[in-house]
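Quick notes on the structure that follows.
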Amino acid sequence: MKIEFISEIDDENGTPVSKVLDIDIEENLSIEKLFSKIHEITGIPKFKEMKWGDEIEKISCTYYFKSSFDSEGLEMIDDLSKQISDFPKKGSNKELCLYIEESRGFVN
Amino acid sequence: MLINYTFNKELVHENIRKDIIKGDKIICIKNFPLSDENLNSFINLIGIPIIEYRNNGGNSIFDVKVFKQNNFFRSIANSNLNIPLHTDCADFKSVPNCIGLLCVKPALLEQGVSFFTSLKEILKEASNSKLKELTTKKWKFRNELKPILQKKNEQFSICYDRITIESFSQITDKELEELNSFDELFKKESFEIMLKKGDLILFRNDLFLHGRSHFDLNSERLIKRIRFNVK
């Protein structure tokens, strides 16, 4: 299936930078499986490490899907066990549009 | 340092707005209804809420609670860690000047205590050389380069979050020492507030630093957070 994948969103104007990924996956599988494949393809790590006092803490990426054709329509995914087919296809060419945010978790 | 109100029909939001503009105290409204709708409606009377993708439904409210994804905390706010004194949204070009925190469920055993330091006390306590450091040296808050203290129209404001500074830039040993000395100064002037269920606290994000202590992973602590600019 084709995925419109947003790799970053411009801080200044909120414009998403996206590319299309072609991923071989069944839509009855979980969105978590799809994100795992995206992590593999793009090389984006699932977590980032940070020093917290004397410990190292790991903070996960945050996952979003586009819920409307409106450019503001990104929604965070809380439940990664939901099926891929449960998510609406609201990308530029009606693909499933997903975004992995890597570092905002460090900012309170 | 605290002004107490009770949520009822007689509560005059204009008085609260004036207290926030004055900015020298933290406002606590007791018995506040525990819903996103009520919180959002109330804040809309006194300010303009900040909308963020990561908020509930992509709107104005964020649930500060333990939440894991990929077996890791989804964010610092979704952890049970001690969070040192900081400014929210320190990496924003325009930092929202107010924060509201509504306690839906406190942590167990006096944990998850909120702590604050007012800029007024920091200015009283800081030496001239420390003030110079705080007002002149620019630090990298993700994409924003700015000093910790700024003066505009004869009024100081504070923007500090060492987690953001340390996460997005290489810090030298000397800078680490500087940050440690700032933390020491800020912590020295801090005071604690233990939030109870139904307490809504409102405070100036540009005039107070805030943080919270560690709590048990299984405590189900839930705080609803809203960031806004006072009208």
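General remarks:
- Given charges at Cβ of Lys, Arg, Asp, Glu: chain B dipole, positive-most of B:Phe115, B:Phe203, B:Ile20: B:Ile20
- For B:Lys130, a cut-off of 22 angstrom between C-alpha atoms picks up these lysines, skipping any fewer than 8 places away in its own chain: B:Lys120, B:Lys138, B:Lys140, B:Lys146, B:Lys151, B:Lys152, B:Lys174, B:Lys187, B:Lys188.
- Equivalent ellipsoid semi-axes, the stretch B:2-230, via Cα gyration tensor eigenvalues times 5, rooted, Å: 28, 22, 17
- Proximal lysines to B:Lys224, defined as alpha-carbon separation beneath 18 angstrom and excluding residues fewer than eight positions away on the same chain: B:Lys30, B:Lys65, B:Lys68, B:Lys105, B:Lys196, B:Lys197
- For B:Ile61, the residues 5 or more places off, or on other chains, whose built amide H falls under 5 Å of its own are B:Asn56.
- Across peptide B:64-72, the mean count of Cβ atoms from other chains lying within 10 Å of each residue's own Cβ comes to 5.
- Calculated FRET efficiency for the pair B:Ile48/A:Ser85, C-beta based, R₀ 35 Å, to 0.05: 0.35
- Counting Cα-Cα pairs of chain A in 5 Å increments starting at 0 gives whole-percent bin shares of 2, 11, 22, 25, 19, 11, 6, 3, 1, 0.
- Based on C-alpha pairs under 8 angstrom that are at least 6 apart in sequence, the stretch B:108-153 has a relative contact order of 22 percent.
- Normalised by the number of residues in chain B, the mean separation of alpha-carbon contacts (under 8 Å, six or more apart) gives a relative contact order of 38 percent.
- R0 of 30 Å, Cβ-Cβ distance B:Ser35-B:Ile3: FRET efficiency to nearest 0.05: 0.80
- Computed E for B:Lys18/B:Leu131 - FRET, C-beta separation, R0 25 angstrom, nearest 0.05: 0.30
- Peptide A:51-58 - average C-beta neighbours from other chains (10 Å radius): 3
- Ellipticity estimate at 222 nm from DSSP helix runs (n ≥ 4, -39,500 (n - 2.57)) divided over the protein assembly as shown, nearest 500: -6500 deg cm²/dmol
- Angstrom value of the Kirkwood radius, inverse mean 1/r, which spans all Cα pairs in the protein assembly as shown: 21.3 Å
- Close amide-amide hydrogen proximity is noted between B:Asp216 and B:Leu108, each under 5 Å apart and 5 or more residues distant or on a separate chain (H modeled in the peptide plane; Pro and chain starts excluded).
- A straight chain from B:Leu11 to B:Lys120 at 0.36 nm per residue would run longer than the Cα-Cα distance by 36.5 nm.
Since every read-out is calculated from the coordinates, none of them should be taken as a lab result. These numbers were taken from a predicted model, which means no experiment stands behind them. For neighbour counting, all protein chains shown are included, and Cβ atoms are generated from backbone atoms with ideal geometry for every residue, glycine included.
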